[in-house]
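None of the figures in this text is laboratory data; all of them are computed from the coordinates on show. From a predicted model like this one, the values you see are computed outputs, not experimental measurements. In this analysis, Cβ positions are derived from the backbone assuming ideal geometry, glycine residues included, and neighbour counts consider all displayed protein chains.
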Amino acid sequence: MTTSSKFKRVFEGEVFSSPPIWFMRQAGRYLPEYRELRAKAGSFLDLCFDPALASEVTLQPVRRFDLDAAILFADILLIPHALGQNLAFVENEGPKLDPLITLEDVKRFRDQDVLGTLAPVFETVAKTKAALSDDKALIGFAGAPWTVATYMMAGGPMKDPGVLRQRLYEEPDFVTGLIDVLADKTIDYLIAQIDAGADAVQLFDTWASGLPWPVLDAVSVRPLDRISRAIKKERPGVPVILFPKGVGEKATEYALLQGCDGVGIDYAMDPGWARGNLGERVVVQGGLDPLLVIPGGKPMEEAADVYLKLFHDVPYIFNLGHGFTPQTPPENVARLVEFVRRNG
Ligand code: CP3
């Protein structure tokens with residue numbers, strides 16, 4: 001008999017008294033073992049493209065906290081890098097890219113073979129999958145086209161969302177052309193991750209918040225519909241999780257998509273609303289404010305308990321409402337895991 005991970009079984013409709021657990025940004029600077037390895041690896045990009053080291057970093061939090069899933073260690077900006085847009089991660093400043101100027105750049109991207117450049121990532125997936133026991137799942141991921149496009153257009157984290165919205169209105173061919181290429185490349189990228197051993201994939205739309213509805217539909221919901229349907233068609237049975245951050249009640253639009261199996265909820269979303277409006281349609285994942293894990297203790301446990309109680313009778317995955325920050329004490333993460341396992 002093949003054993004399946006708790007994480008995978010949730011997508012088959014199983015309800016656990018103690019739900020499977022993983023965390024966004026579970027690998028990273030809050031872990032001393034990550035910092036130590038990172039110092040030896042050189043740049044962040046070098047680390048992402050070194051399968052032995054990236055696989056080790058992927059496994060670190062799973063080992064330390066006995067989590068139910070590993071998430072591939074990579075970054076959403078590897079796609080722009082593979083498209084030929086110059087990328088650097090500057091210490092204490094974050095990512096920097098050469099800002100995108102013209103429609104010609106977008107046209108050039110069409111012919112780029114991203115899978116060749118990203119081959120080491122698939123090797124990381126395969127290595128990690130081989131190292132994980134059958135009761136642990138491996139999650140692959142990519143950025144959603146809109147979120148990746150914001151970094152590509154702004155040349156880094158966007159400072160003023162209005163500038164990008166204005167560009168969409170003034171140069172619709174440029175922005176929609178970019179989103180379109182990104183959607184196509186993302187489909188290829190995620191299918192290659194699945195073929196290398198990923199058990200599920202997640203799409204991060206971190207910057208979906210604050211868009212007027214028709215724009216949100218055009219730049220976020222539609223492209224994610226296209227990507228998730230393509231994955232379902234090509235690789236049926238592999239769960240697709242969407243994380244549209246900060247979209248409030250528009251989360252139902254994502255939950256209704258044919259290719260969507262799970263929706264990640266952010267810390268600002270009312271969990272009661274999510275239970276009522278999403279919980280019967282898809283697997284809900286996450287919600288807990290990551291900043292509560294910094295002080296930890298009772299307030300963290302009480303907040304975690306709200307999610308456990310509300311979602312006790314539907315398939316649910318315990319997670320955060322966004323990633324851990326570098327200030328998070330690892331002891332508090334261990335205590336959170338213990339609390340969920342004990343009280344679920
Ligand atoms: O553990 C995991 O969750 C897997 C690895 C992962 C990273 N980035 C590693 C990383 C994942 C899933 C991401 C996604 C990502 N990257 C998103 C979407 C989710 C989110 O957090 O909103 C975004 C917007 C990015 C872009 C990005 N990468 C930024 C803005 C930064 C700089 C900010 C920061 O935290 O340093 C990164 C760098 C990055 N990606 C680090 C890590 C561990 C830190 C790099 C370092 O070691 O210095």
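Annotations
- Residues with amide H under 5 Å from that of Ile317, placed H, sequence gap 5 or more: Val284, Gln285, Gly286
- Residue among Pro145, Pro214, Pro315 with the largest mean-square fluctuation in a Gaussian network model of the chain, springs linking Cα atoms under 10 Å: Pro214
- Helical runs (DSSP H, four residues minimum) scored at -39500 (n - 2.57) apiece and divided by the length of the chain put the mean residue ellipticity at 222 nm at -14500 deg cm²/dmol.
- Most mobile of Asp266, Asp68, Asp305 in a GNM of the chain (Cα contacts under 10 Å): Asp305
- Placing unit charges on the Cβ atoms of the charged side chains and taking the dipole of the chain about its Cα centre, the candidate lying farthest along the positive direction among Leu45, Ala192, Pro271 is Pro271.
- Using θ = phi - 60° in the Karplus curve 6.51 cos²θ - 1.76 cosθ + 1.60, the 3J(HN,Hα) couplings for the stretch 123-132 round to 5, 4, 4, 4, 4, 5, 4, 5, 8, 8 Hz; x is entered for Gly and Pro.
- Of Trp146, Trp273, Trp213, Trp22, the sequence from fewest to most neighbouring Cβ atoms within 10 angstrom is Trp213, Trp273, Trp22, Trp146.
- Computed from backbone phi, the HN-Hα couplings of the stretch 275-291 come to 4, x, 9, 10, x, 8, 9, 9, 6, 8, 10, x, x, 4, 5, x, 5 Hz, rounded to whole numbers (Karplus: 6.51 cos²θ - 1.76 cosθ + 1.60, θ = phi - 60°; Gly and Pro given as x).
- Beta bridges per DSSP, both residues in the stretch 6-255: antiparallel share near 25 percent.
- Dipole in debye (nearest 20) - the chain, about Cα centre, beta carbon charges: Lys, Arg +1; Asp, Glu -1: 420 debye
- At most 13 other Cβ within 10 Å, DSSP loop - trypsin sites (Lys or Arg not before Pro), the stretch 152-221: Lys159
- Taken one residue at a time, the phi angles of the stretch 247-256 give Karplus couplings (6.51, -1.76, 1.60, θ = phi - 60°) of 9, x, 5, 5, 4, 4, 4, 6, 4, 7 Hz. Gly and Pro are set to x.
- Exposure proxy ranking, count of Cβ atoms within 10 Å, fewest first, for Val337, Val283, Val215: Val215, Val337, Val283
- With the Kirkwood sum run over all distinct C-alpha pairs, the chain has a hydrodynamic radius of 20.2 Å.
- Burial ordering of Leu203, Leu288, Leu308, fewest other beta-carbon atoms within 10 Å first: Leu308, Leu288, Leu203
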